[in-house]
1. Please find, within the range 49-67, the residue that is surrounded by the most Cβ atoms within 10 Å (Cβ to Cβ) out of those that are assigned to a loop (DSSP other than H, G, I, E, B) and aliphatic (A, V, I, L, M).
2. For the range 200-226, which residues satisfy the criterion of being under 16 Å from ALA107 (Cβ atoms) and either open to solvent by 30 Å² or more (accessible area, probe 1.4 Å) or in a loop (DSSP other than H, G, I, E, B) (or both)?
3. How many residues are in a loop (DSSP other than H, G, I, E, B), free of Cβ contacts under 8 Å to residues at least 60 places away in the same chain and either among the charged types (D, E, K, R) or open to solvent by less than 100 Å² (accessible area, probe 1.4 Å) (or both) if we restrict to the range 303-321?
4. Hey, ILE214 hits all of (1) in contact with a strand residue (DSSP E or B) (Cβ under 9 Å, 6 or more places away or on another chain); (2) free of Cβ contacts under 8 Å to residues at least 24 places away in the same chain but one; which does it fall short on?
5. Which condition breaks for PHE142 when tested against (1) farther than 28 Å from HIS302 by Cβ; (2) open to solvent by 50 Å² or more (accessible area, probe 1.4 Å); (3) among the aromatic types (Phe, Trp, Tyr)?
6. Would you point out which residue out of ALA187, ALA194 is within 23 Å of the chain's Cα centre (by Cα), without any contact (Cβ under 8 Å) to a residue 40 or more places away in the chain and part of a helix (DSSP H, G or I)?
Amino acid sequence: MSRRTILAAAAGAAAGAGVTRPAKAAAPAAGRQAPGVYRYTVGEIEVTALTDGVAMRPLEAGFVKNAPLDAVKQALSDVFLAEDGKLPIPFTPLIVNTGSRIILIDAGTGGFMAPTAGQLMENLSAAGVDPRAVDTVLVSHFHSDHIGGIRFKDGALAFPNAEVVVPEAEWAFWMDDGQMSRAAESALPVFKMARRVFSPIAKEVRRYGPNAEIAPGITAIAAPGHTPGHTAFRLSSNGEQLIVWSDTTNHPALFVRNPGWHAVFDMDPELAEATRRRMLDMVAVDRLLVAGYHFPFPAVGHIARRGSGFEFVPAMWNPAL
């Protein structure tokens, strides 16, 4: 091959190197969401938020007991929600690693409530947490979306080495056969789920009272109204605090912005409102970090005053712990 031919070939190759050609290989869309895991710290405590998914609840009259449906729809439209007539209600359990203990706060739905929920075990695996390493399952209250995941559908314990710790007032109400016999039909699934989850381990379940220290750095905060023994928690370490909100406000687009609205889930609406206003005021004044079970994932941020109400301000995603 002559020198001229070699130079011409090299020039042609160099010119072609700058040409962009479409890739011939094609990959299908993933078709599903990436794992729902987010970590942050409170002093020396590491918190891992894990999504258990969402339930799509039809928005109907009576969802807010003391507000017209049009007002509720407008409140959700203002934040671009429920425009298809369905409100997404997220579920976000937490793994709390104190350095000496691994504590799960609430256990998700167990897949009993909605086809778009029941993802806790999958996301626990994505977070690198072995369910057998969980020392404590800490329950805020006995609604099924908080306790359903304590057992698999076949009845086996999902966290076989964990101590289960529950509010004394919740146990006294939901495990009482007299209360169950007098309950409205709509409440019977909660009574039945409580028995399914707790009856086989009744002697081993530890019960705590209001304001009890559950573990070093974790204190119960009595927050009744949603249920008789509904409880929030204060995590404290090295001068930092996180308030684990549980169901104090349910969805923030409605009940943080409008603390006087009464959710259909609240058993004692007036007491729930008083609790909600007290806690909203506390975290707003003290500028405390809040994790809400039904907040949009990763379900952590602050509460700010806005006129006569409040607003949930999500924490910025942080690549570092």
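The values are calculated or read from the model by the stated rules, or taken from the named source; none is laboratory data. Nothing here was measured: the structure is a model prediction, and the numbers come from that model. Every residue, glycine among them, receives a Cβ derived from its backbone with ideal geometry; neighbour counts consider all protein chains shown. Just the protein is used for accessible areas: all its heavy atoms, side chains included, with ligands, DNA and RNA removed. Shrake-Rupley method; radii C 1.70, N 1.55, O 1.52, S 1.80 Å.
1. Initially, the range 49-67 is screened for residues assigned to a loop (DSSP other than H, G, I, E, B), giving 51-52, 59-63, 65-67.
Subsequent filtering for residues that are aliphatic (A, V, I, L, M) retains 59, 61, 67.
Values: LEU59: 18, ALA61: 11, ALA67: 16.
Per the criteria, the residue is LEU59.
2. Result: PRO200, GLU204, VAL205, ARG206.
3. At the first step, the residues of the range 303-321 found to be in a loop (DSSP other than H, G, I, E, B) are 307-308, 315-321.
Restricting the remaining residues to those that are free of Cβ contacts under 8 Å to residues at least 60 places away in the same chain gives 307-308, 316, 319-320.
Now restrict to residues that are either among the charged types (D, E, K, R) or open to solvent by less than 100 Å² (accessible area, probe 1.4 Å) (or both): 307, 320.
Of the residues in that region, 2 qualify.
4. Against the list (1) in contact with a strand residue (DSSP E or B) (Cβ under 9 Å, 6 or more places away or on another chain); (2) free of Cβ contacts under 8 Å to residues at least 24 places away in the same chain, ILE214 comes up short only on (2).
5. All conditions are met except number (2).
6. Numbers: ALA194 fails: without any contact (Cβ under 8 Å) to a residue 40 or more places away in the chain.
Criteria check complete, one pass: ALA187.
Okay, residues lined up against (1) touching a strand residue (DSSP E or B) at 6+ places or on another chain (Cβ under 8 Å); (2) in a strand (DSSP E or B); (3) modelled with pLDDT of 95 or more; (4) farther than 30 Å from ALA320 by Cβ:
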site	(1), (2), (3), (4)
LYS24	no, no, no, yes
ALA30	no, no, no, no
GLN33	no, no, no, no
VAL47	yes, yes, yes, no
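Let's see how each residue does on (1) of a type outside the set (D, E, K, R); (2) farther than 17 Å from ASN161 by Cβ; (3) surrounded by fewer than 18 Cβ atoms within 10 Å (Cβ to Cβ):
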| site | (1), (2), (3) |
| --- | --- |
| THR92 | yes, yes, no |
| VAL96 | yes, no, no |
| SER100 | yes, no, yes |
| ASP106 | no, yes, no |
| GLY111 | yes, yes, no |
| GLY118 | yes, yes, no |
| LEU124 | yes, no, no |
